[in-house]
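The values are calculated or read from the model by the stated rules, or taken from the named source; none is laboratory data. Please read all numbers here as calculations on a predicted model, not as lab measurements. A quick note on method: Cβ atoms are made from the backbone with ideal geometry, for glycine too, and the neighbour counts reach across all protein chains shown. Note: accessible area is taken over every heavy atom of the protein model, side chains too, but ligands, DNA and RNA are not part of it. Shrake-Rupley method; radii C 1.70, N 1.55, O 1.52, S 1.80 Å.
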Amino acid sequence: MNMLIEKAKEIIASSEKVTVLTGAGISAESGVPTFRGKDGLWHNYRATDLATPEAFERDPSLVWEFYNWRRSLLSSVTPNNAHEALARFEKTRVVFTLITQNIDGLHGRAGSKNVLEIHGNIWKMRCTSCGTVIIDYRGDVGSLPRCDACGALMRPDVVWFGESLNAEVLTEAFNASRECSSMIVVGTSAVVQPAAFFPYEAKHSQAFLIEINPEATPLSGDADISLRGTATECVPLIFEQ
Ligand code: BV8
Ligand code: ZN
């Protein structure tokens, strides 16, 4: 593994444009449950039951209960040294894009300034009617929060299954995937679209593809380097300049 670590470090140091894609696995060592792991979030709940507009339509209280539970899990966790290493790396680079599928906000708390949160952020909520957005809402959301401006229901400002991603954010993520000289994919099962497509977009544009994951994924066969390790084991080593 050390040889691969050294090689990955060299590639990143010599890459003019670096793009990183993270998934739930980068937050696992902070104590945030992943989605598809053995104790995964979806293990107890089916995504289709809760993280969809239909579920919210059908039972907004249940969906808010699910997000309040996840917010309560997140309120006691802190970024780990993988989040922190990426935040430090960002300061050393003119061109660096961090794309995350995570809604936990841990990259921002670690100090990363320019994060593409393609699936939104669990600490934000928005009005279902007038579009008012409340950011970094740490209060108790209660059972059914309503919009101060118009009285309509508030919803978590996240992208649910079956919902389109924000067009600008998606374009930026695709461009960062096409234009990078290397892409490092950390802690994702590479199942959810369109995020799972970004590494292939990078590869197709001749980028060097590095994967960090203790388990193999559908992406592993296409990665130039596949590091079978955890985020906190590998990320600080390959990004420290
Ligand atoms: C869309 C926010 C257009 C909400 C999330 C059939 C085929 C293909 C696609 C589809 C299909 N049917 C439907 C679709 C589209 C669907 C999709 O991809 N479904 C999947 C399930 C097949 N996608 C969508 O709906 C997207 N929208 O396509 O719009 C459209 C419009 C209308 C109609 C149709 C299409 C929207 C997707 C966004 C959904 N929202 N999150 C919330 O969080 O509550 S996705 C959710 O899953 C999270 O964001 C999460 O990040 C994401 C992906 O999961 P991972 O991050 O990869 O986490 P996972 O647990 O799976 O894996 C963790 C990995 O970490 C593992 O590999 C593990 O080995 C590793 N790991 C563990 N420990 C560590 C570690 N790695 C490193 N270190 C460790 N210590
Ligand atoms: Zn409103």
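In the chain, the sites counted are trypsin sites (Lys or Arg not before Pro) in DSSP loop states with at most 11 other Cβ atoms within 10 Å, and the longest stretch holding none of them, exclusive of the sites, is 139-241. Counting Lys and Arg as +1 and Asp and Glu as -1 over every other residue whose Cβ lies under 12 Å from the Cβ of residue 161, the net charge comes to -2.
Computed from Cα atoms, the angle from the helix 2-13 axis to the main principal axis of the chain rounds to 80 degrees. As a fraction of the 1.4 Å probe accessible area of the range 1-132, surface on carbon and sulfur atoms comes out at 52 percent. Protein heavy-atom accessible surface, 1.4 Å probe, per residue over the chain: 47 Å². Close lysine pairs were tallied over the chain: pairs 8 or more places apart or on different chains with Cα atoms under 21 Å apart number 10. The mean sequence distance of close C-alpha pairs (under 8 Å, at least 6 residues apart), as a share of the length of the range 19-175, puts its relative contact order at 23 percent.
Of the residues 108, 61, 94, the one whose Cα sits farthest toward the positive end of the charge dipole of the range 46-113, with +1 on the Cβ of Lys and Arg and -1 on the Cβ of Asp and Glu, is 94. Placing unit charges on the Cβ atoms only, positive for Lys and Arg and negative for Asp and Glu, gives the range 87-210 a dipole magnitude near 280 debye about its Cα centre.
Measuring gaps between exposed loop sites in the chain (GluC sites (Glu not before Pro); DSSP loop; at most 11 other Cβ atoms within 10 Å), the longest gap, sites not included, is 17-214. Once C-alpha pairs closer than 8 Å and six or more residues apart are averaged by separation and normalised to the residue number of the range 57-117, the relative contact order reads 35 percent.
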